[in-house]
Amino acid sequence: MLRLLRERSSIAIALPILAVLLVGGEAAQAAGLQVNEASPRLDGTALSGTAAWADDPSMAFYNPAGLTRMKGGGATMGLALIDLDVDFVATKATAWGQPITGRGGSMETAGGSFVPVPSFHLAQRVAPEWVAYLGVTGPFGDQTNYPDTSVTRYVGTLSQIKTININPAAAWEPIEDLSFGLGFNAQFMRAHINQNFGLPTIPIIPGLDVLALIKAEDWAFGWNAGVLWEADETFRVGLGYRSAIHHTLEGDAEFLLPRSLDPVLSLLGVANPTTAEARAGMTVPQSLTLSGFWSPFSWVDLMSDVQWTDWSSYQELDMGFNYRNIPPDSPLGALLPQNDTVFENFRDAWRGNIGGQIHVNEDFRLRFGSGFDGSPVYNANRTIRLPDANRVLLALGFGWTVLEQVSVDFAYTRYFVQSGTLNDTNTTLDASQLVGAVSGGANVFGFQMTYLWDKLPLGLGE
């Protein structure tokens, strides 16, 4: 069996990297746009001890300095399944100053999603004091999806932000029990935003809606660092930092006009669909995490986490459009959006978590944890595209050593999200407005497989 694992190790390493590159991070259930599912093993403790536990390669995402605790090397493949529930009940909805409803007169809708978030981590000791690392994760994302016939359609239908973060790093232990880590981040972001624009008829006629489909993407770069101090084998403290990354997203927007207007559009020299160059600027924030790990007895480990995220650096999402096939003097150009600004006005967010691990026997471990995850969003700045709120999380998990070098981990986390209200108004000419109440929650199911080695697989390095 071990021989078979060695022979297939190169394939096992390549496949999860491909999976992360294809899927990336989409659904946000952590504060703001943050996706914390880089390590399903840590999910079982409600993200406690992220920068100090340092138990496998996946935890280097939170603190690369912890890599020096590895004897040789290892690879970790993780998958988190995020089931996000969002329910909205409108008390007021208007477009061009006129009241509107969803299909059948409904003022209610749902915008949840079910999204897989894979991750992959690889580490190898390259010298007595040095360990190298490569991680591929999806640390930021958002996905809400309301029907294009719902009461939200003139403010938002589909909102999807996906990131893929490629993070090479190195850890150095210059003196015993004190380690430092430094990493580079190449981050790909793709945004996909849909919504309807109603034409200014009296009353608003849904059959004359313009459907806007916007896609834009960008590569941007940042860095991360960390330090780990080990008082002894039972107690350690870690500090992890991730820098802000600024994206300038560029892509295309397609505006699908009602086919019934084709004769008029032809006279105006306007193509259907109409296309435009789209651009948007967005910054994902810096964060700082302080973690502790303590084993008071041989059969139990206790962990804690405090994280600060600089979400106040994200104040607005600006989108601009440069139309390709609308004559400059066309009246349609005045009706379609030229620029659209979503004012987020985020505040800084704090997360605090405590958790533990019980060693049931040599091969089986039971995990648990709870925490409070503060949101950068509050009633005054909540939007239908990101109806975020403070949340409490409860987690359970277990780990099983299947073979001497192979272990699997499972975790379940429930996010209890505080209900809230919103008053969301477009900055475009139609000034569409949504007022109402939003509620929801999230279930996260995590799976991880870890393969550790003292020497490189396939006899490499011998």
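All of the numbers you see were taken from the coordinates with simple rules; none came from a lab. Computed from a predicted structure; not experimentally measured. No Cβ is skipped: glycine too gets one built from the backbone with ideal geometry, and neighbour counts run over all protein chains shown.
So if I place +1 on the C-beta of Lys and Arg and -1 on the C-beta of Asp and Glu, and nothing else carries charge, what would the dipole magnitude of region 115-187 be about its Cα centre? I want it in debye, nearest 20.
Details: 3 positive and 6 negative charges, 87 e Å.
Rounded to the nearest 20 debye, it is 420 debye.
Relative contact order, whole percent, for the chain stands at 19, derived from Cα pairs under 8 Å and 6 or more residues apart.
With the Cα gyration tensor of region 195-283 giving a ≥ b ≥ c as the square roots of its eigenvalues, does the rule (a/c under 1.5 for rounded; else a/b larger than b/c for prolate; else oblate) give rounded, prolate or oblate? Since a/c reaches 1.5 and a/b is larger than b/c, the shape of region 195-283 is classed as prolate. Each residue of region 280-291 was assigned a 3J(HN,Hα) from its phi angle through the Karplus expression (A = 6.51, B = -1.76, C = 1.60, θ = phi - 60°), giving 7, x, 8, 10, 8, x, 6, 8, 9, 10, 10, 10 Hz with x at Gly and Pro. Based on alpha-carbon centroids, what's the gap between region 219-242 and region 359-404 in Å, whole number please? The distance from the Cα centre of region 219-242 to that of region 359-404 comes to 20 Å. Shown for L256, L42: other C-beta atoms within 10 Å of each C-beta, ranked fewest to most, produce the order L256, L42. In the chain, a dipole from Cβ-located charges (positive for Lys and Arg, negative for Asp and Glu) runs towards its positive end, and of Q315, L182, A216 it is A216 whose Cα lies farthest in that direction.
Look at the dipole of the chain built from charges on Cβ: of S39, F297, W229, the Cα furthest out on the positive end belongs to S39.
In terms of the mean number of neighbouring beta-carbon atoms within 10 Å, the peptides 411-420, 150-159, 302-311 order highest first as 150-159, 302-311, 411-420. Straight-line reach from K71: which lysines fall under 21 Å, measuring Cα to Cα and dropping same-chain residues less than 8 apart? Correct list for K71: K455. Counting only other residues whose beta carbon sits under 11 Å from that of N381, what net charge do I get with K and R as +1, D and E as -1? Charge balance in the 11 Å sphere: -2. Using θ = phi - 60° in the Karplus curve 6.51 cos²θ - 1.76 cosθ + 1.60, the 3J(HN,Hα) couplings for region 244-249 round to 5, 10, 9, 10, 10, 7 Hz; x is entered for Gly and Pro. When the Cα atoms of region 110-155 are aligned to their principal axes, the ranges along those axes come out at 62, 17, 10 Å in descending order.
Semi-axes of the equivalent ellipsoid of the chain are 46, 23, 19 Å, computed as sqrt(5λ) over the eigenvalues of the C-alpha gyration tensor in descending order.
How big is the dipole moment of the chain about its Cα centre under a simple scheme where the beta carbon of each Lys and Arg is +1, that of each Asp and Glu is -1, and everything else is neutral? Debye, nearest 20, please.
480
With respect to the chain, whose longest principal axis is taken over its alpha-carbon atoms, helix 9-23 is tilted by about 20°. A helix-only calculation puts the chain at -2000 deg cm²/dmol for mean residue ellipticity at 222 nm, using -39500 (n - 2.57) for each DSSP H run of at least four residues, averaged over all residues.
In summary, region 141-203 shows an alpha-carbon radius of gyration equal to 2.10 times the 2.2 N^0.38 Å reference for compact globular proteins. Counted by Cβ distance under 14 Å from E176, the other residues give a net charge of -4, where Lys and Arg count +1 and Asp and Glu count -1. Here the Karplus curve 6.51 cos²θ - 1.76 cosθ + 1.60, taken at θ = phi - 60°, turns the phi angles of region 208-225 into couplings of 9, 5, 9, 9, 9, 10, 10, 9, 8, 8, 6, 9, 8, 9, x, 8, 9, 8 Hz, with x standing for Gly and Pro.
Each Lys and Arg adds +1 at its Cβ and each Asp and Glu adds -1 at its Cβ; summed about the Cα centre, region 222-283 shows a dipole of about 180 debye. Pick out, from L396, A60, W453, the residue whose Cα sits farthest towards the positive end of the charge dipole of the chain, with +1 on the Cβ of Lys and Arg and -1 on the Cβ of Asp and Glu. With unit charges placed on the Cβ atoms, the residue in question is L396. Protection proxy ranking for 207-213, 48-54, using the average of other Cβ atoms within 10 Å per residue and placing the highest first: 48-54, 207-213.
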